[in-house]
Amino acid sequence: MDRRQLLQGSVGVGALLAVPMAEAGAAPVAAAKGEGDGFPMPRPLNSVAPRLAEGDPSRTLLELGWRFHEGDIPTPEPQGHHETYLSVKAGNALGAAATGYDDSDWREVRLPHDWAAAQPFVETANVSQGYRPRGIGWYRRTLRLDPADKGKTLELHFDGIASNATIWINGSTVAHNWSSYNSVYVDLTPFARFGEETNVIAIRVDADAKEGWWYEGAGLYRHAWLVRRPPVAIVSDGVHCDPRLVDGRWQVPVTVTLANVARSAAAVTVEAILFDPDGREVARGEVQVTVPVLDSVDAVLRLDAGSPRLWSVEEPTLYTVRTRVLRDGAAIDERRVAIGFRTIRFDANQGLFVNDRHVKLKGVCLHQDHAGVGVAVPDALHRWRLERLKEMGCNAIRMSHNAPTAELLDWCDRTGFLVMDENRLFNPAPDYMAQLEWLVRRDRNHPSVILWSVFNEEPMQGTGAGVEMVRRMIAAVKRLDDSRPVTGAMNGSFYNEVSVAGEFDVMGFNYYQADYDKYHKLHPNQPITSSEDTSAYETRGAFASDPARHVITSYDTEATSWGATHRDTWKNIAERPFVAGGFVWTGFDYHGEPTPYAWPTIASFFGILDLCGFPKTAFDIHRAHWIDDQDVVGIAPHWTWPGREGEAIKVFVSCNAETIALRLNGRELGVQKVDRIMGNEWSVPYAPGRIEAIAMRGGKVVARAVKETAGKAVALRLTPARSLMAGDDEECQAITIDAVDSRGRHVPTANLMTRFTVQGATILGVGNGDPNSHEAEQVQPNSGSRSLFNGLAQILIRAGSGPGKIALRAEAEGFEPASLIIARTDVKPRPQVAVVRQVQDLREWRRSPLLATRPEPSLAPADGDNNSWDFVRSGVPTPAEQPGWRVYRTRFTPWKRVAGEGGTIAFENIGGKAELWVDGKLLATKAGSAPGPLNATLPAGQGARIAALLVEGAANAPSGLLGAVAITPR
Ligand code: GAL
């Protein structure tokens, strides 16, 4: 997408430092309030955030009504032989995984959820993970399925769980998952219960397991879905659209994988239609397939697209392939896949070509992490972050070092980024190969993805075993997608006799810039890209390093020993046509990896933007490097240095025009020829007032950057990114808080504590970009506090539902408060699976043989007798039988409230006369034989109880537990 189109009016903090002057000559462009201070706030967009279209109508969000327990709940040791015998049977998990476990006092949470984001910073916790204890947690969710869904294909999708997870459905283990970054698709079909009989999902998450050396969060931090499809349907990730240019015409081979859970093979028609961006049909095809029972089959079609509009970074034109399954003429299942037509070619001497046009990769590496929310990044925040990157001319993203959230790739398709999609663990063993294959299968339709990366910096890269491992992984990728090259991000072993380097279609260099030339000379036919570079440090808004306080200057002078400054790095890449481009470590700061410091620093310094997405000086440097279609200029530092009058201050200007004139209070300080890569510097004796960098081309002023000295901070200001939000209970936006002087100018040195309240929306988190701050990032849903750091703080809010108003108010001691109203528009929330209240039901019973005379209520099978008494479930219809007596027994532990206060035990429907005994006491009787309910008061009491129901059945009538049995508090 054209940068300006995407960002229309949505210019972030700092970006307006450069006011385009092309049409306006030397006169300043009309300014928003406070713009004259050289640090204007973004002009809010007057529209709601775009939403992604749903491509799979069979899925529904399953994000409300989850119960969460922080900390582990050890599985209890089974008591005795009989319990041991039962504990290993399907459906009989013990402890918190058990269907009937009492989670009534667990906290209710909404997904996406990162419980680590709410943790305090603790010195003894892991440094790389940002000093936040992660630990183990449990989630549970009750789920009611409509009887109409019986026979359908049912799945649960968890798009990301950090880190290791075990999942149970109705007491049976259904998944073990070993990575934070892959989706878990659980086939619910064989375990499902319908109607009144609810389902219980239990998930144990071990977030102490690490896969990274960065903050990885904890819990169900991506979307979760309930999937309901017809018995014959397209499988998950089951559509592969693979556009190819064949003899000058675009073809779209489409492969649709179908499965069948019904009892007989099904003949269906698979139809695929290609729609252009305006929804007009371009091509269609159909094919008949027979889907075998409990098996799958591929339907293969080819659509002739002719000469479609192409997808590119500037114009990310998307077409849609709609695939439908038709049975007896009716459409029973459907997917919509966004595709783009584009060619990619890596040339060993000239780098990357997209649609035969040369494109230098101007990329950043990203971890999924943001102030306040941790890794639970809402869809709209992903998009907002991409807008910030687009604004600086970035055109590529490396998903380091793991599979990204699906929605992030959707946004990359729509906004025009080129993606290096990376696998997490370097391991060709089956569990890990499955993760890699899942990544390729899920992501291979995205036009944004141009490169697969199988690893990052693996010490085995220069060994025979490494070569054997990488060969297998590359082959696995190629089996699923032969249209994109494969790379790996190497950090050494390039010239070993045995090295994985030669295995890659595109060689990926992490750092080692001095080796570009040598390697290229030795391998003149292998394309090269920098897969990672820079690792320079900056503290946003700081212009002098202070090692004692873990503060690093933002003049782009400090970098790791293995990296280099932003400027030196880009110089090395820009001057070598054979290097396809680079990926700066990193676009945004992230929690963890506080290199070069450690405690009390809890976040990184590498970002071009800080943890909140506030730009550092590096942002302007990259604008100058990367933007070609617009003249830009940025100036650093701010110009508020009381007490330093007369002292020399280094003024650094980033610009992509021809010359720059620097002026202080209208006085010319010299004109310099622009050094687009290294920037331009002046040493200016400080005098308060206005410093201006005026960019010129051909003698004409083309852009201008201004900083003004601010006075004393007197008031707070709240600035939204958008003045409208969708009332869809989901849209999220970042609100900036800053302090202004009496003339409304931003005060870059203000570091005061602010307090705020929000109505009509929920606070998701707060931040200020200070890597040394230990203030809580999660606050109350409608109020909180955060100090400004070098003048700025951020509140992330999620809009409530329905049309209305969102009202924010911020205050600070001795300051004029700020208030803000955002309109909430009438946008329907996405459907969510209904929340179900948990009740304790007694499902599992033992049933005695039929007895001729009334037994004692104490009659029980011997321990270890698994055979002479049946295992029965309440509510399961029983056939009519001879008259006689039976005992139904069960052992149960009332949930906490009932145990404390007593409750009611309710039998929905009993066939026959009945006596209910609990712990040897008669609680109730049912006199009539006809089916009917029985209710009794259950006295309070801790621990396990024994219920015995004596039933006397009549001849030829159903008897026993014909309905549910539930225990409810008084
Ligand atoms: C690289 C690594 C990144 C990050 C970076 C910091 O070696 O791939 O994940 O740790 O160093 O400089």
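List of remarks:
- Which numbered condition Arg576 fails, given (1) closer than 21 Å to Val364 by Cα; (2) open to solvent by less than 10 Å² (accessible area, probe 1.4 Å); (3) more than 28 Å from the chain's Cα centre (by Cα): (2)
- Of the residues making up region 387-411, those that are in a helix (DSSP H, G or I) and out of contact with any His (no Cβ under 7 Å at 6 or more places or on another chain) are Glu387, Arg388, Leu389, Lys390, Glu391, Ala406, Asp410.
- Number of positions in region 106-123 that are open to solvent by less than 40 Å² (accessible area, probe 1.4 Å), assigned to a loop (DSSP other than H, G, I, E, B) and under 26 Å from Cys732 (Cα atoms): 5
- Region 553-571: number of residues that are touching a residue at least 60 places away in the same chain (Cβ under 8 Å), closer than 20 Å to Leu361 by Cβ and polar (S, T, N, Q): 0
- Matching residues in region 215-272 - criterion: being over 22 Å from the mean Cα position of the chain (by Cα) and not in a strand (DSSP E or B): Pro230, Pro231, Asp242, Pro243, Asp247, Gly248, Val261, Ala262, Arg263, Ser264, Ala265
- The lone criterion from (1) in a helix (DSSP H, G or I); (2) within 30 Å of Thr749 (Cβ to Cβ) left unmet by Thr557 is number (1).
- Checked against the criterion of being within 26 Å of Gln119 (Cα to Cα), of a type in the set (Lys, Arg) and open to solvent by 10 Å² or more (accessible area, probe 1.4 Å), region 337-354 has no qualifying residue.
- Subset of region 469-500 (residues that are among the charged types (D, E, K, R) and within 25 Å of the chain's Cα centre (by Cα)): Asp481, Arg484
- Checking Gln368 against (1) within 16 Å of the ligand (Cβ to nearest atom); (2) closer than 14 Å to Thr415 by Cβ, the condition it does not meet: (2)
- Of the set (1) within 30 Å of the chain's Cα centre (by Cα); (2) closer than 24 Å to Tyr131 by Cα, all apply to Ala542 but (1).
- Any hit, region 485-496, residues being buried (at least 22 other Cβ atoms within 10 Å of the Cβ), among the polar types (S, T, N, Q) and within 16 Å of the ligand (Cβ to nearest atom): yes
- Verdict on Cys394 being within 16 Å of the ligand (Cβ to nearest atom) and either open to solvent by 10 Å² or more (accessible area, probe 1.4 Å) or in contact with a strand residue (DSSP E or B) (Cβ under 6 Å, 6 or more places away or on another chain) (or both): no
- Test: residue in region 652-672 that is within 16 Å of the ligand (Cβ to nearest atom) and surrounded by 24 or more Cβ atoms within 10 Å (Cβ to Cβ): no
- Strands (runs of 3 or more DSSP E) (entirely within region 334-386) containing at least 1 residues that are small (Gly, Ala, Ser): 351-354, 361-366
- Evaluation of Ala598 against (1) crowded, with 16+ Cβ neighbours inside 10 Å; (2) within 16 Å of the ligand (Cβ to nearest atom) (one fails), failing number: (1)
- Selected residue (criterion: nearest to Pro861 (Cα to Cα)) from residues of region 888-917 that are over 45 Å from the mean Cα position of the chain (by Cα) and open to solvent by less than 10 Å² (accessible area, probe 1.4 Å): Tyr888
- Some residue of region 247-255 being surrounded by fewer than 20 Cβ atoms within 10 Å (Cβ to Cβ) and among the aromatic types (Phe, Trp, Tyr): no
- Only listed residue being touching a Phe, Trp or Tyr at 6+ places or on another chain (Cβ under 9 Å) and without any contact (Cβ under 8 Å) to a residue 12 or more places away in the chain, chosen from Pro600, Pro547, Pro596: Pro547
- Members of region 79-105 found to be surrounded by fewer than 16 Cβ atoms within 10 Å (Cβ to Cβ), modelled with pLDDT of 90 or more, part of a loop (DSSP other than H, G, I, E, B) and not small (Gly, Ala, Ser), listed by number: Val88, Lys89, Asp105
- Residue that is surrounded by the most Cβ atoms within 10 Å (Cβ to Cβ) [pool: residues in region 579-595 that are part of a strand (DSSP E or B) and away from the ligand (no atom under 14 Å from the Cβ)]: Val579
- The criterion of being of a type outside the set (Phe, Trp, Tyr), surrounded by 20 or more Cβ atoms within 10 Å (Cβ to Cβ) and within 16 Å of the ligand (Cβ to nearest atom) does not hold for Glu211.
- Matching residues in region 450-468 - criterion: being open to solvent by less than 50 Å² (accessible area, probe 1.4 Å), within 22 Å of Glu532 (Cα to Cα) and part of a helix (DSSP H, G or I): Gln461, Gly462, Gly466, Val467
- Test: residue in region 58-70 that is under 18 Å from Thr736 (Cα atoms) and at pLDDT 65 or above: no
- Filtered by the rule that a residue be at negative phi and within 16 Å of the ligand (Cβ to nearest atom), region 540-560 gives Ile552, Glu558, Ala559, Thr560.
- Taking each residue of region 200-218 that is more than 14 Å from Phe68 (Cα to Cα) and looking for partners that are within 16 Å of the ligand (Cβ to nearest atom) and not in a loop (DSSP other than H, G, I, E, B) with beta-carbon atoms closer than 6 Å, six or more apart or interchain, yields Tyr215/His591.
- Ala807 being open to solvent by less than 40 Å² (accessible area, probe 1.4 Å) and over 30 Å from Leu62 (Cα atoms): no
- If the condition is being basic (Lys, Arg) and open to solvent by 40 Å² or more (accessible area, probe 1.4 Å), then region 469-484 contributes Arg471, Arg472, Lys478, Arg479.
- If only residues of region 214-230 that are surrounded by fewer than 23 Cβ atoms within 10 Å (Cβ to Cβ), of a type outside the set (A, V, I, L, M) and within 19 Å of Ile169 (Cβ to Cβ) are counted, the one that is farthest from the ligand (Cβ to nearest atom) is Arg228.
- Taking region 561-578 as the range and being away from the ligand (no atom under 16 Å from the Cβ) and small (Gly, Ala, Ser) as the test, only Ala574 passes.
The values are calculated or read from the model by the stated rules, or taken from the named source; none is laboratory data. As the structure is a prediction and not an experimental result, all values here were calculated from the model. Reconstructed Cβ throughout: ideal geometry from the backbone, glycine too, with neighbour counts over all protein chains shown. The protein model used for the area step is the full one, side chains on, heavy atoms only, and it has no ligands, DNA or RNA in it. Shrake-Rupley method; radii C 1.70, N 1.55, O 1.52, S 1.80 Å.
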